[in-house]
Ligand SMILES: C[S@@+](CC[C@H](N)C(=O)[O-])C[C@H]1O[C@@H](n2cnc3c(N)ncnc32)[C@H](O)[C@@H]1O
């Protein structure tokens with residue numbers, strides 16, 4: 001193996017690396033890393049080696065990610081393949097109990113940086129795996145990753161292994177592609193908490209279910225029952241709606257702007273004939289319009305779920321979800337019964353959980369509304385987070401109870 005280049009990094013990067021942050025972003029230092037180097041050793045302010053990095057000169061923002069902080073780094077790089085396999089095995093072991101429980105057929109087998117596998121995510125979807133690369137660094141390691149997975153899970157056949165290059169840049173947002181056939185599409189059903197969902201691989205960027213939300217649905221299990229009247233805002237393909245119906249909710253209304261996702265939701269409902277679909281209503285509309293109409297008609301609910309995209313645009317102005325929440329909370333309050341529960345989410349690493357809570361508390365005060373936080377929600381179980389790495393804990397939520 002060639003000698004690994006030792007490179008100075010930005011003083012801010014040194015600080016961040018010391019605090020456990022695993023990324024080196026684009027700056028005057030990282031843009032000068034030797035382009036062809038697969039690994040780079042980051043030097044601290046006294047020119048001492050501090051981290052072994054995996055290098056991705058083509059990524060727009062994240063130029064390198066921490067692989068190891070254990071000396072000697074040349075040996076760490078020599079043993080890279082063995083360490084990759086060992087880290088994957090460890091990540092799989094951590095999910096063994098989840099697999100055994102059979103509560104759901106969708107879970108992350110490895111969750112990137114928090115599993116010490118920077119930019120590498122493996123999503124188990126029934127008897128398939130979707131391997132997601134957030135850095136092109138992993139492309140030459142496709143077959144090692146695939147083999148390691150299949151050694152532990154021999155039931156996953158070659159045609160059921162899917163790869164997807166993802167990232168912040170549009171260019172990286174490619175559709176999942178199978179290793180053997182680039183034009184293949186795949187549709188199948190999987191079970192999450194006793195309900196069947198239609199999953200699509202290959203035809204779209206979306207698979208049909210947000211698996212990072214699965215453990216949150218589980219955490220809310222005891223909050224919905226036969227007395228619940230549920231409003232699922234920004235419903236997507238209806239995972240929260242079906243989950244609530246399964247919990248026995250007396251009625252569930254789903255609202256989403258996208259006819260495609262509402263159609264998908266209807267297909268999901270049809271996959272579960274034991275559910276009385278008369279208890280469900282779908283509305284294709286912008287949530288704030290739907291809420292205004294519901295309030296005018298005097299409709300009420302005792303459990304509202306609100307999971308908006310991190311930002312949205314009306315064609316002219318882009319509004320962040322955190323800003324939109326003031327208006328949304330006011331509108332949701334009008335249709336929420338007294339003692340009702342409001343579950344709100346924010347999907348961005350740019351606002352911390354503490355800031356989100358403070359902002360919501362401020363809005364409630366300004367609006368003169370009386371609520372208490374009864375649960376805090378976030379990524380969990382198969383989606384661990386890493387201390388010092390806010391980018392990895394993008395999902396935050398809370399349950400508010402109307403007093
Ligand atoms: C983050 S996804 C929700 C995921 C869902 N909570 C789940 O766990 O399956 C956001 C959804 O909001 C929808 N959407 C975006 N803007 C909207 C709007 N103004 N009104 C209604 N739905 C909207 C999108 O079509 C998308 O389905």
Checklist line | Condition check for residue 270: more than 10 Å from the ligand (Cβ to nearest atom), in contact with a strand residue (DSSP E or B) (Cβ under 6 Å, 6 or more places away or on another chain) and in the same structural domain as residue 222 (by TED's automatic domain parsing) | finding: no
Next item on the list: May I ask you to list the residues in the stretch 214-232 that are surrounded by fewer than 24 Cβ atoms within 10 Å (Cβ to Cβ) and near the ligand (Cβ under 9 Å from one of its atoms)?
Entry: 216, 217
Check: Checking residue 199 against (1) part of a helix (DSSP H, G or I); (2) within 28 Å of residue 122 (Cα to Cα), which single condition isn't satisfied?
Finding: (1)
Item checked: Lone unmet requirement of (1) closer than 17 Å to residue 231 by Cα; (2) in a helix (DSSP H, G or I); (3) out of contact with any helix residue (DSSP H, G or I) (no Cβ under 7 Å at 6 or more places or on another chain) for residue 361 -> (1)
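Results for (1) in the same structural domain as residue 328 (by TED's automatic domain parsing); (2) in a helix (DSSP H, G or I); (3) under 20 Å from residue 197 (Cα atoms), shown as yes or no for each residue.
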| site | (1), (2), (3) |
| --- | --- |
| 227 | yes, no, no |
| 232 | yes, no, yes |
| 248 | yes, no, yes |
| 252 | yes, no, yes |
| 274 | yes, no, yes |
| 282 | yes, no, yes |
| 290 | yes, yes, no |
| 303 | yes, no, no |
Check: residue 281 versus (1) touching a strand residue (DSSP E or B) at 6+ places or on another chain (Cβ under 6 Å); (2) closer than 26 Å to residue 395 by Cβ: which is the lone unmet condition?
Finding: (2)
Notebook entry, point to check: Within the stretch 285-307, can you find the residues that are more than 26 Å from the chain's Cα centre (by Cα), within 11 Å of residue 233 (Cβ to Cβ) and more than 9 Å from the ligand (Cβ to nearest atom)?
Noted result: 291, 294, 301
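Being part of a loop (DSSP other than H, G, I, E, B) and under 20 Å from residue 18 (Cβ atoms) is the filter; apply it to the stretch 69-83 and report the residue that is modelled with the lowest pLDDT.
Checking each candidate, the answer is 71.
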Next item on the list: Can you give me the number of residues within the stretch 248-267 that are away from the ligand (no atom under 15 Å from the Cβ) and out of contact with any strand residue (DSSP E or B) (no Cβ under 7 Å at 6 or more places or on another chain)?
Entry: 1
Check: Considering only residues of the stretch 308-344 that are more than 10 Å from the ligand (Cβ to nearest atom) and more than 21 Å from residue 370 (Cβ to Cβ), which is surrounded by the most Cβ atoms within 10 Å (Cβ to Cβ)?
Finding: 322
Next item on the list: Return a yes/no flag: does the stretch 308-319 have any residue that is under 19 Å from the mean Cα position of the chain (by Cα), more than 25 Å from residue 218 (Cα to Cα) and part of a loop (DSSP other than H, G, I, E, B).
Entry: no
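Taking the condition away from the ligand (no atom under 16 Å from the Cβ), assigned by TED's automatic domain parsing to the domain that holds residue 235 and at pLDDT 95 or above, does residue 353 pass? Reasoning before the result, please.
Numbers: away from the ligand (no atom under 16 Å from the Cβ): yes; assigned by TED's automatic domain parsing to the domain that holds residue 235: yes; at pLDDT 95 or above: no.
When the stated conditions are applied, residue 353 does not pass them.
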Next item on the list: Select from the stretch 81-97 the residues that are in contact with a helix residue (DSSP H, G or I) (Cβ under 9 Å, 6 or more places away or on another chain) and farther than 14 Å from residue 152 by Cβ and list them in ascending order.
Entry: 81, 83
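The values are calculated or read from the model by the stated rules, or taken from the named source; none is laboratory data. Please read these numbers as outputs of a predicted model, since none were measured by experiment. All Cβ positions, even for glycine, are placed from backbone atoms using ideal geometry, and neighbour counts span all protein chains on display.
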